[in-house]
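Asks: Take this structure, written in structure tokens, and hold onto it; I'll ask about it next.
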There are 2 protein chains.
Amino acid sequence: MESKGKFKGNIVIGQSGGPTAVINATVAGVYTAAKEEGVEKVYGMVHGVEGFLKKDLIGLEEYLDTGLGIELLKRTPSAFLGSCRFKLPAAEAKPEIYEKIFSVMEEFNITAFFYIGGNDSMDTVKQLTDYAAANGKKQVFIGLPKTVDNDLPVTDHCPGFGSAAKYIATSFKEIIRDAQSNSPSKPTIILVETMGRHTGWLTAAAALAAGEDCEGADAIYLPEKVFDIEAFINHVEEVAKRKHTVVIAVSEGAKVADGRFVCELGGGSGNVDAFGHTQLSGCAHTLSDMIVERFGYKTRVIELSTLQRAASHIASLTDIEESYLAGCFGMKAAARGETGLMVILERVQNNPYLCRMNYYDVHQIANVEKTVPLEWIKEDGISMTDEFLEYARPLIMGELLPLFVHGLPSHLVRKK
Amino acid sequence: MESKGKFKGNIVIGQSGGPTAVINATVAGVYTAAKEEGVEKVYGMVHGVEGFLKKDLIGLEEYLDTGLGIELLKRTPSAFLGSCRFKLPAAEAKPEIYEKIFSVMEEFNITAFFYIGGNDSMDTVKQLTDYAAANGKKQVFIGLPKTVDNDLPVTDHCPGFGSAAKYIATSFKEIIRDAQSNSPSKPTIILVETMGRHTGWLTAAAALAAGEDCEGADAIYLPEKVFDIEAFINHVEEVAKRKHTVVIAVSEGAKVADGRFVCELGGGSGNVDAFGHTQLSGCAHTLSDMIVERFGYKTRVIELSTLQRAASHIASLTDIEESYLAGCFGMKAAARGETGLMVILERVQNNPYLCRMNYYDVHQIANVEKTVPLEWIKEDGISMTDEFLEYARPLIMGELLPLFVHGLPSHLVRKK
């Protein structure tokens, strides 16, 4: 293959952490820009750094040298390359891991390393950048943002969030339609649980459902606010007097005043993942039990679970495009020799929405969590302000129709 | 409004039972054909017979006299008119209810009564037909099939099933993509629970997910087969040796040999709905607990819940069209003076799929449940044959894009 540009060496892309519906669009973006820059080989790490350490690499040319491959990848949810939850230890503690990573890079003539992920993944980019600087290595390291949780700092928002928000808001509209079809003789309380361990961005997205054809959720509980059990019970009782179908959005990460998760009150699973985070589930179930016990109302628990981060069939076109552009932009930065950066999205304006790419020192980003601004939660503590809606609405705009084969969305998958 | 045809009197349409993503397309079909036939006023019962008894009627002309109204209604999930779960008592037991129904029909000059629903709703059509015959009433009664459960007899399939199947199969593909993104060091078992109290049509739809880009579910448990706990545990163990992400489809109605629901082994909710059916939930949770206890594997439970019957954003075009045609066909039958019928779908052929409308004596349909033929379940008891796939595949074909407003599917809703 002839080089169009003059990029020296090959590149590698990895995906890390929980996947999203649009994380692969970033791979497509890096790939497309890489070929523009004359990169000869674009490698993918199979299962992130974990795979890289085992030299488990694939050449992306085999999949992406056609327009159809790129279009299919943009519509494929979850990490095409495979993800991992590998926490890179400090270089002082485990120098051999760093030596191994750099030796694999040298072996494959890899001069630029792209890592798509959230907080924990940006820590990997930071540490590799620091190690390279301390050891006179010339390779560059670029972080590309990805998280449905939307909790990365500095960037206006994260690729992945818009599509999750679109899925959540669409599902709320459908759940509310469904709930309102019946005219129950006694109140039915529907508790919809969204992801978001420490931040309420995804839960807040339920607010987007309200409009001229939908009254929206009756309450939205973010982890940014202390969850007051009595206030919750009272609110449910009060709404149930006015209407017999009550729909509530609640974060898996809702916490009571003493710091315990709501799900721990009813017995959460208590599992811990590789990053040391408690695996939460059951907040809505816990609240449901409380309502049944207190009022005997009928309840229904709906956990949006992994679908909220995997439902590419209703992904936001804006999100896919930004995810793609972030990849292109990161590759362009690498081609200029930049390193230790994360691509960020900077909103220029709303109405019409305009957003540009930029980049930022990854040291300022890794391990910092951005929560929903408290001033975007209304005084009642359970609904979102217009500022939030103006922030979130542009991110869910537009659709990219799946490529349907045999009636189902088609995905690009790695060969065995 | 001038009559195009010569239909005498007005008509009324009701919706009953659990809603679907396409139940409103049938309303649109009846309405369109009614106007062709010269029906002056098309009434909708608000919340089915329950509302009808209270004369809670709306004129559909207000909503549907534009092409946009019809198109929006076709894309609106759940019962636009409102549904109910009213079980019509026998005429001998409660003659006053029948007298009331016929007096409301006479007051509004309603000569044809359309009821869209499943088994229990067809019982209403049957009883009203019989009462009319026994009492010399001239009104006609037409049943229109609707159920995600696909459990009505005689008809090849039911409007509503195809869209639910498309949602389920799409969700399985996305759940499997998501699950396979990680390379967990110990097995992760994902249990996806589908609706279907006594029949496994919806659970079986998970089989559609398998294809060249997806290996599909690792086991599918229908209520048609006795659920053998030991065999399940052994299968999970066996699959988990080969691969670390195991995805299982299980019906909420799975039962063990002594007739108890699986969820009852772990303590189901035990609630009973208006038709006397036990409200089930927790089958997948019960199985998850068993797996954790036995193996300590990580598990994830995903209940597709009401979204599988409400997700019109990924409805099947075939399903919407058939649902619409069933409404048209029913109206045409009523115009010819037919009564006591349910519209049925008759498959003429597959490849290319061809299906025609017909009708059938509602007495042969009410209260009869059609289960998945046992010969469509493979000998292993946990996967579906090609015959099932050939049956189900045409029903999920095609898409009807939602009308997106502010980034979300738009719905038609009744005015307050």
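Asks: Would you point out which residue out of B:Arg85, B:Arg75 is under 25 Å from B:Val22 (Cα atoms), basic (Lys, Arg) and in contact with a Gly (Cβ under 8 Å, 6 or more places away or on another chain)?
Replies: Unique residue meeting the criteria: B:Arg85.
Asks: Out of (1) farther than 28 Å from B:Pro402 by Cα; (2) under 17 Å from the mean Cα position of the chain (by Cα), the odd one out for A:Arg356 is which?
Replies: Going through (1) farther than 28 Å from B:Pro402 by Cα; (2) under 17 Å from the mean Cα position of the chain (by Cα) one by one, A:Arg356 breaks only (2).
Asks: Select from the stretch A:220-271 the residues that are among the polar types (S, T, N, Q) and surrounded by 14 or more Cβ atoms within 10 Å (Cβ to Cβ) and write down the one among them that is modelled with the highest pLDDT. So that I can check it myself, show each step before the final result.
Replies: Here is the first cut: in the stretch A:220-271, the residues among the polar types (S, T, N, Q) are A:234, A:245, A:251, A:269, A:271.
Pick out the ones that are also surrounded by 14 or more Cβ atoms within 10 Å (Cβ to Cβ) and you get A:245, A:251, A:269.
Numbers: A:Thr245: 93, A:Ser251: 97, A:Ser269: 42.
Step by step, filter the stretch A:220-271, then rank; the result is A:Ser251.
Asks: Let me ask another. Considering only residues that are basic (Lys, Arg) and farther than 21 Å from B:Lys35 by Cα, which ones fall in the stretch B:322-353?
Replies: Listed by number, the list holds a single entry, B:Arg347.
Asks: Mind listing just one residue for me: the one in the stretch B:104-118 that is part of a helix (DSSP H, G or I) and surrounded by fewer than 21 Cβ atoms within 10 Å (Cβ to Cβ) and, of those, nearest to the other protein chains (Cβ to nearest Cβ)? Lay out the reasoning, then the answer.
Replies: First, pick out the residues of the stretch B:104-118 that are part of a helix (DSSP H, G or I): B:104-107.
Now restrict to residues that are surrounded by fewer than 21 Cβ atoms within 10 Å (Cβ to Cβ): B:104, B:106-107.
Values: B:Val104: 18, B:Glu106: 25, B:Glu107: 22 Å.
It comes out as B:Val104.
Asks: Name the single residue, out of those in the stretch A:193-212 being of a type outside the set (Gly, Ala, Ser) and facing another protein chain (nearest Cβ under 9 Å), that is surrounded by the fewest Cβ atoms within 10 Å (Cβ to Cβ). Outline the logic, then answer.
Replies: So in the stretch A:193-212, the residues of a type outside the set (Gly, Ala, Ser) come out as A:193-195, A:197-199, A:201-203, A:208, A:212.
Okay, now just the ones that are also facing another protein chain (nearest Cβ under 9 Å), so A:208, A:212.
Numbers: A:Leu208: 27, A:Glu212: 10.
Filtering first and then ranking leaves A:Glu212.
Asks: For residues that are of a type outside the set (A, V, I, L, M) and closer than 30 Å to A:Trp376 by Cβ, scanning just the stretch A:389-412, find the one that is surrounded by the fewest Cβ atoms within 10 Å (Cβ to Cβ).
Replies: My answer is A:Glu390.
Asks: State yes or no: is A:Glu215 free of Cβ contacts under 8 Å to residues at least 60 places away in the same chain, buried (at least 23 other Cβ atoms within 10 Å of the Cβ) and within 22 Å of B:Ser305 (Cβ to Cβ)?
Replies: Numbers: free of Cβ contacts under 8 Å to residues at least 60 places away in the same chain: yes; buried (at least 23 other Cβ atoms within 10 Å of the Cβ): no; within 22 Å of B:Ser305 (Cβ to Cβ): yes.
It is false that A:Glu215 is free of Cβ contacts under 8 Å to residues at least 60 places away in the same chain, buried (at least 23 other Cβ atoms within 10 Å of the Cβ) and within 22 Å of B:Ser305 (Cβ to Cβ).
So that you can scan it fast, the table gives a plain yes or no per residue for (1) in contact with a Leu (Cβ under 8 Å, 6 or more places away or on another chain); (2) closer than 22 Å to B:Asn135 by Cα; (3) modelled with pLDDT under 95; (4) basic (Lys, Arg):
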position	(1), (2), (3), (4)
B:Glu37	no, no, no, no
B:Glu61	no, no, no, no
B:Phe80	yes, no, no, no
B:Ala93	no, yes, no, no
B:Ser103	no, yes, no, no
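Asks: On to the next question. Under 8 Å between Cβ atoms, which residue pairs at least 6 apart in sequence (or on different chains) link something in the stretch B:281-298 that is assigned to a loop (DSSP other than H, G, I, E, B) with a partner that is of a type in the set (Gly, Ala, Ser)?
Replies: Partner pairs satisfying both residue conditions: B:Ser281/B:Gly268; B:Ser281/B:Ser269; B:Gly282/B:Gly266; B:Gly282/B:Gly267; B:Gly282/B:Gly268; B:Gly282/B:Ser269; B:Tyr297/B:Ala240.
Asks: Checking the conditions here, which among B:Ile97, B:Ile101, B:Ile142 is away from chain A (no Cβ under 14 Å), closer than 22 Å to B:Tyr324 by Cα and of a type in the set (A, V, I, L, M, F, W, C)? Steps first, answer last, please.
Replies: On the way: B:Ile97 fails: closer than 22 Å to B:Tyr324 by Cα; B:Ile101 fails: closer than 22 Å to B:Tyr324 by Cα.
Result of the check over B:Ile97, B:Ile101, B:Ile142: B:Ile142.
Asks: Tell me the residue from B:Asn119, B:Asn135 that is farther than 22 Å from B:Ala310 by Cβ and out of contact with any Cys (no Cβ under 9 Å at 6 or more places or on another chain), please.
Replies: B:Asn135
Asks: Still on this model: Looking at the stretch B:9-82, what helices (runs of 4 or more DSSP H) fall wholly within it and have at least 1 residues that are on the phi > 0 side of the Ramachandran plot and in contact (Cβ under 8 Å) with a residue 12 or more places away in the chain?
Replies: Where helices (runs of 4 or more DSSP H) fall fully within the stretch B:9-82 and carry at least 1 residues being on the phi > 0 side of the Ramachandran plot and in contact (Cβ under 8 Å) with a residue 12 or more places away in the chain, they are B:48-53.
Asks: So for the stretch A:306-318 (the condition being within 10 Å of chain B (Cβ to nearest Cβ), farther than 30 Å from B:Ala164 by Cα and in a helix (DSSP H, G or I)), does at least one residue qualify?
Replies: The answer is no; no qualifying residue exists.
Asks: Give me a count of the residues in the stretch B:371-416 that are more than 22 Å from B:Glu321 (Cα to Cα) and either modelled with pLDDT under 95 or within 9 Å of chain A (Cβ to nearest Cβ) (or both). Full working, then the answer.
Replies: At the first step, the residues of the stretch B:371-416 found to be more than 22 Å from B:Glu321 (Cα to Cα) are B:371-387, B:405-408, B:414-416.
Checking the rest, the ones that are also either modelled with pLDDT under 95 or within 9 Å of chain A (Cβ to nearest Cβ) (or both) come to B:405-408, B:415-416.
Selection size over the stretch B:371-416: 6.
Asks: Among the candidates A:Thr20, A:Thr32, single out the residue that is within 14 Å of chain B (Cβ to nearest Cβ) and either of a type in the set (Val, Ile, Thr) or closer than 20 Å to A:Val140 by Cα (or both).
Replies: Just one listed residue meets the conditions, A:Thr20.
Asks: Identify, by number, the condition in (1) within 14 Å of chain A (Cβ to nearest Cβ); (2) within 14 Å of B:Ala165 (Cα to Cα) that B:Glu215 doesn't meet.
Replies: (2)
Asks: Next question. Anything in the stretch B:48-75 that is away from every other protein chain (no Cβ under 14 Å), out of contact with any helix residue (DSSP H, G or I) (no Cβ under 7 Å at 6 or more places or on another chain) and under 13 Å from B:Val104 (Cα atoms)? List them, or say none.
Replies: The one that is away from every other protein chain (no Cβ under 14 Å), out of contact with any helix residue (DSSP H, G or I) (no Cβ under 7 Å at 6 or more places or on another chain) and under 13 Å from B:Val104 (Cα atoms): B:Leu57.
Asks: How many of the residues in the stretch B:352-372 are without any contact (Cβ under 8 Å) to a residue 12 or more places away in the chain and not in a strand (DSSP E or B)?
Replies: So the answer is 1.
Asks: Those residues that are within 14 Å of chain A (Cβ to nearest Cβ) and surrounded by fewer than 23 Cβ atoms within 10 Å (Cβ to Cβ), I need them from the stretch B:319-350; list them, please.
Replies: Across the stretch B:319-350, the qualifying residues are B:Glu321, B:Asn350.
Asks: Of the conditions (1) assigned to a loop (DSSP other than H, G, I, E, B); (2) assigned by TED's automatic domain parsing to the domain that holds B:Lys298; (3) touching a residue at least 60 places away in the same chain (Cβ under 8 Å); (4) crowded, with 22+ Cβ neighbours inside 10 Å, B:Val148 clears all except one; give me its number.
Replies: Result: B:Val148 fails condition (2) only.
Asks: Can you tell me how many residues within the stretch B:384-416 are part of a helix (DSSP H, G or I) and within 20 Å of A:Phe172 (Cα to Cα)?
Replies: Adding up the residues that qualify gives 0.
Asks: Right, another one. Got a sec? Which of B:Ala133, B:Ala206 is out of contact with any strand residue (DSSP E or B) (no Cβ under 8 Å at 6 or more places or on another chain) and outside any loop (DSSP other than H, G, I, E, B)?
Replies: B:Ala133
Asks: Keeping to the stretch A:395-416, report how many residues are free of Cβ contacts under 8 Å to residues at least 60 places away in the same chain and closer than 30 Å to A:Glu346 by Cα.
Replies: Counting residues in the stretch A:395-416 that are free of Cβ contacts under 8 Å to residues at least 60 places away in the same chain and closer than 30 Å to A:Glu346 by Cα gives 1.
Asks: Something else now. For the stretch B:182-191, name all the residues that are within 9 Å of chain A (Cβ to nearest Cβ) and modelled with pLDDT of 95 or more.
Replies: Listed by number, the list holds a single entry, B:Ile190.
Asks: Residues to consider are A:Pro223, A:Pro159; find the one that is in contact with a Leu (Cβ under 8 Å, 6 or more places away or on another chain) and in contact (Cβ under 8 Å) with a residue 24 or more places away in the chain. Spell out how you get there, then give the answer.
Replies: Values: A:Pro223 fails: in contact with a Leu (Cβ under 8 Å, 6 or more places away or on another chain).
Being in contact with a Leu (Cβ under 8 Å, 6 or more places away or on another chain) and in contact (Cβ under 8 Å) with a residue 24 or more places away in the chain holds for just one of A:Pro223, A:Pro159, which is A:Pro159.
Asks: Yes or no: B:Ala179 within 14 Å of chain A (Cβ to nearest Cβ), in a helix (DSSP H, G or I) and either among the acidic types (Asp, Glu) or more than 21 Å from A:Arg414 (Cβ to Cβ) (or both)?
Replies: no
Asks: Sticking with this structure for a sec: Since A:Val362 meets every condition but one in (1) closer than 30 Å to B:Ala315 by Cβ; (2) under 21 Å from the mean Cα position of the chain (by Cα), which condition does it not meet?
Replies: (1)
Asks: Taking the criterion of being aromatic (Phe, Trp, Tyr) and farther than 26 Å from A:His198 by Cα, would at least one residue in the stretch A:372-395 satisfy it?
Replies: no
The values are calculated or read from the model by the stated rules, or taken from the named source; none is laboratory data. Predicted, not measured: the structure shown is a model, and the values here were computed from it. Don't worry about glycine lacking a Cβ; one is built from the backbone with ideal geometry, like all the others, and counts go over all protein chains shown.
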